[in-house]
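Read through the structure below, which is laid out as structure tokens, and then see the notes.
The values are calculated or read from the model by the stated rules, or taken from the named source; none is laboratory data. What you see is a predicted model, and the numbers here were worked out from it, not measured in a lab. Here the Cβ positions follow ideal geometry from the backbone for every residue, glycine too, while neighbour counts run over all protein chains shown. Just the protein is used for accessible areas: all its heavy atoms, side chains included, with ligands, DNA and RNA removed. Shrake-Rupley method; radii C 1.70, N 1.55, O 1.52, S 1.80 Å.
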Number of protein chains: 2
Amino acid sequence: MPNNANDPNRKSWIEVPKNSDFPIQNIPFGVFITKEDVITIGTRIGDCAIDMGALQQLGYFNGIDLTDDMFMQDTLNDFISDGKKTWRLVRNRLAEIFDENNSSLRDNKKQRDVVIFKMDDIEMQLPVQIGDYTDFYSSKEHATNVGKMFRDPENALLPNWLHIPVGYHGRSSTIVPSGKNIRRPNGQTMPADATGPVFGPSKLVDFELEMAFITTDANVLGEPVPIDEAEDYIFGMVLFNDWSARDIQKWEYVPLGPFLAKNFASTISPWIVTMDALEPFKTESCEQSPAPMKYLQQKDKHTFDINLEVSLQPENSSETVISKSNFKYMYWTMAQQLAHHTVNGCRVNSGDMMGSGTISGPTPDSFGSMLELSWGGKNPIKLNDGSERKFINDNDTVIMRGYCQNKEVRIGFGECVGKILPAFEIK
Amino acid sequence: MPNNANDPNRKSWIEVPKNSDFPIQNIPFGVFITKEDVITIGTRIGDCAIDMGALQQLGYFNGIDLTDDMFMQDTLNDFISDGKKTWRLVRNRLAEIFDENNSSLRDNKKQRDVVIFKMDDIEMQLPVQIGDYTDFYSSKEHATNVGKMFRDPENALLPNWLHIPVGYHGRSSTIVPSGKNIRRPNGQTMPADATGPVFGPSKLVDFELEMAFITTDANVLGEPVPIDEAEDYIFGMVLFNDWSARDIQKWEYVPLGPFLAKNFASTISPWIVTMDALEPFKTESCEQSPAPMKYLQQKDKHTFDINLEVSLQPENSSETVISKSNFKYMYWTMAQQLAHHTVNGCRVNSGDMMGSGTISGPTPDSFGSMLELSWGGKNPIKLNDGSERKFINDNDTVIMRGYCQNKEVRIGFGECVGKILPAFEIK
């Protein structure tokens with residue numbers, strides 16, 4: 001079935017501001033709540049949120065095989081379960097409905113009033129109920145930087161790293177949508193000069209610039225997803241800030257990995273941009289040497305050229321861009337991550353989320369965490385307002401943005417925003 | 001409110017075989033499916049499964065504040081959300097209904113026929129939809145044994161171990177109820193004599209003898225659960241086999257912890273035994289030295305005397321008991337685990353599951369894994385049929401059992417059973 005929604009020449013009758021992340025070629029999926037407390041599945045064009053539940057009730061999805069209440073739900077899990085063919089049919093239909101030449105909804109004010117909302121008038125929710133969340137560690141630059149700082153500069157990459165997309169399980173219950181404030185975590189740390197561990201608010205709160213993909217039901221327990229099929233089970237992508245407390249992490253992480261250092265909160269951008277929308281931005285992935293094992297081997301282009309940037313904004317001050325990276329710097333692809341994750345028969349379900357790991361580029365200004373940008377706190381980062389940061393202060397806001405751009409179209413993710421509040425006071 | 005259901009002198013009009021794990025003083029909760037494909041919440045007395053959905057429809061829970069379909073669901077999550085007071089009211093009511101002196105249901109054959117099923121006629125399901133699953137590592141003997149084998153015999157315990165209940169996130173999607181067969185996982189390993197990693201079925205599949213607790217909604221994001229309140233948020237416990245592939249684990253686990261070595265499957269016993277039922281078996285926990293930090297300090301008795309055993313049964317052969325342990329050997333208590341888990345504000349929800357970690361006792365016959373029992377494969381375990389095992393063979397079945405016993409009553413968990421099938425063939 002052709003991916004008609006990607007037609008770069010199509011224009012919408014909804015106005016799309018210049019440099020918007022959400023032209024009619026994007027058509028991402030999300031969940032929002034209106035001022036009348038109605039929760040619905042929707043999409044976005046320009047600065048308008050579109051109620052797909054209302055569209056379905058008005059018959060605009062007739063002819064597509066959907067359950068009656070498919071879009072009148074508070075998560076996308078069921079829609080994602082329906083599989084790639086349905087996603088494409090619905091996205092193509094949305095492109096048609098909002099095509100500048102289609103008068104059906106365009107010229108029906110009564111219908112428009114129940115379908116279209118200003119973004120300022122709605123609140124974005126988590127788009128999926130995330131069953132399981134896995135975080136990978138697939139940027140060679142990031143793994144090398146961390147290895148140099150935390151372990152051995154001469155042998156920064158561990159022996160398994162070039163053979164397997166290293167990953168670990170994270171906490172689903174603390175993943176929040178962009179905009180939710182985050183409390184600085186309390187916890188145990190072992191300061192360099194201390195004789196024993198101490199308790200209190202983390203002093204080294206950090207962001208991690210990541211992207212994440214959302215899966216559909218991919219397999220049955222006990223059977224792997226072959227790498228050639230893996231991309232069919234990926235619904236779309238979001239920006240992802242894997243907040244981290246470096247001092248807690250350092251003390252707790254041996255031998256079973258990060259735990260409280262990561263599970264106090266993780267933030268995602270609320271609109272899931274589909275793999276169909278990202279298709280024009282496919283690009284070559286990194287050369288992999290040594291060659292990966294057979295179950296991880298891929299041909300052709302399998303990553304995406306997605307510009308990423310991170311800003312830090314102190315309270316009552318302006319933003320400073322502190323990192324510019326790109327998703328294409330990842331060493332392991334999403335298909336490789338998914339094939340590896342399931343090679344032992346691990347079941348992957350609709351609504352599961354898999355993070356890329358921190359996406360650091362080759363140059364110091366492209367590193368994806370404060371840990372790397374300030375090189376463990378040795379080189380403070382200068383902000384526009386004259387202040388400096390080694391890690392994140394209370395009331396600082398971190399803003400991640402990401403977009404693809406070619407000569408014809410810009411497809412973006414919007415923002416992934418979170419502000420760090422002071423720690424909860426423990427008596 | 002008194003915990004009336006624990007009255008040791010109560011007898012049921014349902015026959016309870018001698019040494020049954022399920023006298024009327026137990027009243028665990030589970031989910032089962034009948035031959036007519038009806039799925040329901042239920043409890044068990046002796047060898048009878050009791051349909052609590054049917055009981056509710058017949059009015060037997062009248063006077064308790066429950067939603068109309070509370071027990072006509074396929075998970076216990078909503079019931080668990082209702083909190084400790086409701087759990088106790090319902091359990092007390094069930095004790096009354098099945099008390100030998102209560103004739104209401106006892107003498108009404110028509111009602112009995114829709115309420116009571118033979119265990120052989122139903123199939124147990126997962127009792128909860130597990131949102132997040134965390135596994136701890138709280139047996140000092142196990143952590144010491146593994147440290148001796150995998151790291152440094154002289155410094156087997158890592159520096160953080162005596163200060164924090166070390167834990168990590170696991171995979172919810174592959175937790176299955178007792179009885180489901182498990183495929184041996186494929187994966188990458190690094191044999192001692194190899195020049196690079198190799199791919200194939202794990203050669204070192206192991207069980208881990210654990211117990212797990214199921215929580216109710218415990219906090220809001222950003223706020224901790226104080227240790228003195230932690231037990232109120234624990235609904236009950238199950239037996240738990242945290243299947244592990246030791247060769248995959250050894251190669252993959254640095255630096256982020258076990259991943260594919262554990263997430264191919266985990267098995268739980270299907271009846272959740274409530275903390276109320278376990279109350280008479282509270283016992284002193286281990287002495288903790290150094291004293292834990294304030295947020296982990298507890299007074300009085302906080303663990304449970306639960307006898308545990310593991311049998312291995314080769315295909316077409318008899319069982320051999322290969323380990324006898326006890327839950328009381330755990331160094332960290334469940335309340336300490338939950339207080340630690342949330343001290344950074346991590347949200348804990350109804351239906352989350354937390355594993356104890358492998359429960360090894362002080363003597364070699366009480367070790368909770370093949371890894372420890374055979375000491376890394378050096379001392380094969382002899383089975384009744386004359387065969388030997390270092391790890392688990394294809395078509396071996398592992399059976400875990402657990403029960404509490406005092407002079408008056410025995411409260412048990414039934415069985416946690418899983419059979420290892422040959423690996424999926426990857427072309």
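Placing unit charges on each Cβ (+1 for Lys and Arg, -1 for Asp and Glu) gives chain B a dipole about its Cα centre, and among B:Gln56, B:Gly196, B:Ser172 the Cα reaching farthest toward its positive end belongs to B:Gly196. Over the stretch B:161-224, the Kirkwood radius and the radius of gyration, each from Cα atoms, give a ratio Rg/Rh of 1.09.
Would you calculate, for chain B, the mean residue ellipticity at 222 nm contributed by helices, counting each DSSP H stretch of 4 or more residues as -39,500 (n - 2.57) and dividing by all residues, to the nearest 500? Please list the in-between numbers first.
Details: 11 runs with 75 residues, N = 427.
The helix-only estimate for chain B comes to -4500 deg cm²/dmol at 222 nm.
With the simple spin-label model, which puts each label point 7 Å out from Cα in the Cβ direction, the B:Met293 to A:Ile426 separation comes to 0.5 nm. Label-to-label distance for A:Asn181 and B:Asn19 is 6.1 nm, based on points extended 7 Å past Cα in the beta-carbon direction.
With N the number of residues in the protein assembly as shown, Rg(Cα) / (2.2 N^0.38 Å) evaluates to 0.96.
Counting only protein heavy atoms and a probe of 1.4 Å, the accessible surface of the protein assembly as shown is 45% carbon and sulfur. Between A:Asp37 and B:Ser81, the simple label model (points 7 Å from Cα in the Cβ direction) yields a spacing of 1.6 nm. Take each residue in A:246-257, count the other chain C-beta atoms within 10 Å of its C-beta, and the mean is 6.
Per residue and in cubic angstrom, what volume does the convex hull of the Cα atoms of the stretch A:295-427 have?
On the way: hull volume 26.6 nm³, N = 133.
Per-residue hull volume (Cα only) is 200 Å³.
Only Cα sites of chain B enter the Debye sum here, all with the same form factor; the resulting log10 I(q)/I(0) across q = 0.06, 0.07, 0.09, 0.14 1/Å is -0.25, -0.34, -0.56, -1.32, listed in q order. Share of pairwise Cα-Cα distances greater than 17 Å in the stretch B:224-326 is 72 percent (whole percent).
Starting from the Kirkwood radius over alpha-carbon pairs of the stretch B:314-354, derive D by Stokes-Einstein at 20 °C in a medium of 1.002 mPa s and give it in µm² s⁻¹. Please report the intermediate quantities before stating the final value.
Numbers: Rh = 13.8 Å.
It diffuses with D of about 155 µm²/s by this estimate.
Cross-link check: pairs A:Lys11/A:Lys328; A:Lys84/B:Lys427; A:Lys294/B:Lys324; A:Lys250/B:Lys324 evaluated at a Cα-Cα cut-off of 32 Å; pairs beyond the cut-off: A:Lys294/B:Lys324; A:Lys250/B:Lys324.
So what's the gap between the Cα centers of the stretch A:11-66 and the stretch A:363-427, to the nearest angstrom? After rounding, the separation between the Cα centres reads 30 Å. Inter-copy label distances at A:Ser387, using a point 7 Å along Cα-to-Cβ, come to 6.7 nm with the shortest given first. Mean silhouette area of the stretch A:98-214, derived from the convex hull of its C-alpha atoms and averaged over all directions, reads 13.3 nm². The convex hull of the Cα atoms of the stretch B:329-389, projected and averaged over all directions, covers 6.4 nm². Sequentially through the stretch B:29-44, phi angles give Karplus couplings (6.51, -1.76, 1.60; θ = phi - 60°) of 10, x, 10, 9, 10, 8, 4, 8, 6, 8, 9, 8, 7, x, 10, 9 Hz, Gly and Pro residues having no value and appearing as x. Scaled to the globular estimate 2.2 N^0.38 Å, the Cα spread of the stretch A:178-266, given as radius of gyration, is 1.47.
Taking a Cβ cut-off of under 14 Å around A:Ser387, the surrounding Lys, Arg, Asp and Glu residues balance to a net charge of -3, with basic ones at +1 and acidic ones at -1.
Let me know the mean shielding of A:67-76 by other chains, meaning the per-residue number of their Cβ atoms within 10 Å of its Cβ.
Mean shielding by partner chains, rounded to a whole number: 0.
Can you list the residues of the stretch B:339-355 whose accessible area drops by at least 20 Å² going from the chain on its own to the full set of protein chains, with a 1.4 Å probe? SASA drop of 20 Å² or more in the stretch B:339-355: B:His340, B:His341, B:Val343, B:Asn344, B:Cys346, B:Arg347. Derived scalar couplings between HN and Hα for the stretch A:197-212 equal x, 10, 10, x, x, 4, 9, 10, 7, 9, 9, 10, 6, 9, 10, 9 Hz in order, rounded to whole Hz, by the Karplus curve 6.51 cos²θ - 1.76 cosθ + 1.60 (θ = phi - 60°), x for Gly and Pro.
If contacts are Cα pairs under 8 angstrom and at least 6 residues apart, what is the relative contact order of chain B in percent? Relative contact order here is 21 percent. For the rotational copies B and A, the chain B residue with its Cβ nearest the relating axis, together with that separation in Å, is B:Gly257, 1.
Mind putting a number on the dipole of chain B about its Cα centre? Charges go on the C-beta only, +1 for Lys and Arg and -1 for Asp and Glu, and I need it in Debye to the nearest 20. That gives chain B a dipole magnitude of about 640 debye. Across the identical copies, the 7 Å label point of A:Asn108, projected outward along Cα→Cβ, sits 5.3 nm from its counterparts, in ascending order.
Each copy carries a label point for A:Ile64 at 7 Å from Cα toward Cβ; from one copy, the others' points are 4.5 nm away, ordered from shortest. 3J(HN,Hα) along the stretch A:5-16: 5, 7, 3, x, 8, 6, 10, 9, 6, 8, 5, 10 Hz, from the Karplus curve 6.51 cos²θ - 1.76 cosθ + 1.60 with θ = phi - 60°, whole Hz, x for Gly and Pro. The Cβ shell under 12 Å around B:Glu425 holds other residues with a net charge of +2, Lys and Arg each +1, Asp and Glu each -1.
Each eigenvalue of the Cα gyration tensor of the stretch A:1-70, multiplied by 5 and square-rooted, gives one semi-axis; in descending order these are 22, 18, 9 Å.
The residues neighbouring A:Phe61, those whose beta-carbon lies less than 15 Å from its own, together hold a net charge of -3 under the Lys/Arg +1, Asp/Glu -1 convention.
For the stretch B:271-350, give the magnitude of the charge dipole about the Cα centre (Cβ charges: +1 Lys/Arg, -1 Asp/Glu; no others), in debye to the nearest 20. Intermediate values should be presented prior to the final figure.
Numbers: 7 positive and 9 negative charges, 91 e Å.
I would put it at about 440 debye.
For the stretch A:28-120, what does the accessible surface come to per residue with a 1.4 Å probe? Please give it in Å².
Values: 4320 Å² over 93 residues.
On a per-residue basis, the stretch A:28-120 sits at 46 Å².
Taken residue by residue and averaged, Cβ atoms of other chains lying within 10 Å of the Cβ of B:220-232 number 2. If the convex hull of the alpha-carbon atoms of the stretch A:4-124 is projected onto planes in all directions, what is the mean projected area in square nanometres? Average projection, Cα convex hull of the stretch A:4-124: 7.1 nm².
Hey, what did the stretch A:129-251 get for relative contact order, percent, Cα under 8 Å, at least 6 apart? Let's see the in-between values first.
Values: 143 pairs, mean separation 27.5, N = 123.
Taking the mean separation of contacting Cα pairs over the length of the stretch A:129-251, I get 22 percent.
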